[in-house]
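See below for the structure under consideration.
No value in this document is a laboratory result; all are computed from the given coordinates. Model, not experiment: these values are computed from the prediction. Here the Cβ positions follow ideal geometry from the backbone for every residue, glycine too, while neighbour counts run over all protein chains shown.
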Amino acid sequence: MPELETSLIPAFSDNYIYLLRDPATGTVAVVDPGAAEPVADALTARGWPLHLILVTHHHADHTGGNLALKERYGARILGPAADRNRIPGLDEGVAEGDTVRVGDAAARVIETPGHTSGHISFHFAESDALFCGDTLFSLGCGRLFEGTPSTMWQSLLKLRALPDETKVHCGHEYTASNARFALSVDGRNPDLIRRAAEIEELRTRGEPTIPASLGEEKRANPFLRADDPALAAALGMEADPVAVFATLRARKDAF
Ligand SMILES: [Zn+2]
């Protein structure tokens, strides 16, 4: 089966919106359209229609374009059932284990609460593509607006269980500042040092650092390594993953 075509549309100062197209059927979807205009421009440039809008969570910078795109293209909006009343224009609520189809390409819905209570992620296994909104960032993770450290850690463990080949498509280009924080807590990690250098090079050229490799994130992202005794020790803590995760998140919030 041919892989889903994905492209990245920058929006606002650091958001990423994603266009997906199933080459077999020509079905087109957008993930987290915070604004309608850049999406419409990208569709026009490619001569594409828009069939589906996939939403990870309710924040306006991920849903602000929902209604205008739905009206203009007649697209159907799928998002978290748990947040039915906070997703503008939602047509269909989906939950853990549901399958979402973009033409012949299928995504499994993974509930990943923590940043918001109803946050979901979409995993297209056959295309090795993950769309995880503001749950997992390259070298970071989302802020805990509506969840506890334990909730978010459990969500990150679900994403960490996906194959190393998975390409992580997250909601923001926060990678350079995440790298600075990660180096401050785990500065001797060779995988992190290597990834930080690559990030600096990409950003110097004005290129996105996304999608990121999940395999690399598993080795370099401190928020995916809260259960690594070496990281706990580096923080002067006992090996308690939730406590280590909570400390990392609190330190990043104040960084
Ligand atoms: Zn958000």
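So which GluC sites (Glu not before Pro) in segment 127-183 are both in a DSSP loop and have at most 11 other Cβ atoms within 10 Å of their Cβ?
Taking segment 127-183 and a limit of 11 other Cβ atoms within 10 Å, the loop GluC sites (Glu not before Pro) found are 165.
Hey, got a sec? Which chymotrypsin sites (Phe, Trp or Tyr not before Pro) in segment 1-89 land in a DSSP loop and have at most 15 other Cβ atoms within 10 Å? In loop regions of segment 1-89 (DSSP not H, G, I, E or B), the sparsely surrounded chymotrypsin sites (Phe, Trp or Tyr not before Pro) are 12. Coupling constants for segment 27-42 follow from the phi torsions by the Karplus curve (6.51 cos²θ - 1.76 cosθ + 1.60, θ = phi - 60°), and in residue order they are 6, 10, 10, 10, 10, 6, x, x, 9, 7, 4, x, 6, 4, 4, 5 Hz; glycine and proline get x.
Taking amide hydrogens as placed 1.01 Å from N in the peptide plane, the amide H of residue 53 sits under 5 Å from those of 30, 76, 77, 78, each at least 5 positions away in sequence or on another chain. Report the local net charge at residue 53: Lys and Arg +1, Asp and Glu -1, summed over other residues whose C-beta lies under 12 Å from its C-beta. With Lys, Arg at +1 and Asp, Glu at -1, the net is -1. Candidate cross-link partners of residue 70 among the aspartates and glutamates, defined by an alpha-carbon separation under 19 Å and a same-chain spacing of 8 or more, comprise 32, 37, 41, 61, 83, 91, 92. The angle between the Cα long axis of helix 190-204 and the longest principal axis of the Cα atoms of the chain comes to about 50 degrees, rounded to the nearest 10.
Provide 162, 4 in ascending order of the number of other Cβ atoms located within 10 Å of each residue's Cβ, fewest first.
With the fewest neighbours first, 162, 4 line up as 162, 4.
Here's the list of lysines a cross-link from residue 158 could span, going by alpha-carbon distance under 21 Å and ignoring same-chain residues fewer than 8 apart: 167, 218. Using the rule -39500 (n - 2.57) for each DSSP H run of four or more residues, divided by the residues of the chain, the 222 nm mean residue ellipticity is -10000 deg cm²/dmol. Globularity index of segment 5-253 is 0.99 (Cα radius of gyration / 2.2 N^0.38 Å, N = number of residues). Between the amide H of residue 136 and those of 142, distances stay under 5 Å, these residues lying 5 or more places away or on another chain, with hydrogens modeled in the peptide plane.
Under the combined filter of DSSP loop state and at most 14 neighbouring Cβ atoms within 10 Å, segment 116-225 retains these chymotrypsin sites (Phe, Trp or Tyr not before Pro): 145.
Among 62, 119, a tally of other beta-carbon atoms within 10 Å of each Cβ gives an order, fewest to most, of 62, 119.
Using a cut-off of 14 Å between beta-carbons, work out the net charge of the residues near residue 127 (Lys and Arg +1, Asp and Glu -1, residue 127 not included).
Residues close to residue 127 contribute a combined charge of -3.
Count charges around residue 177 for me, please; just the other residues with Cβ under 11 Å from its Cβ, Lys/Arg as +1, Asp/Glu as -1. Combined, the nearby Lys, Arg, Asp and Glu give +1. Counted without the sites themselves, the longest stretch of the chain free of trypsin sites (Lys or Arg not before Pro) in a DSSP loop having at most 16 other beta carbon atoms within 10 Å is 1-142.
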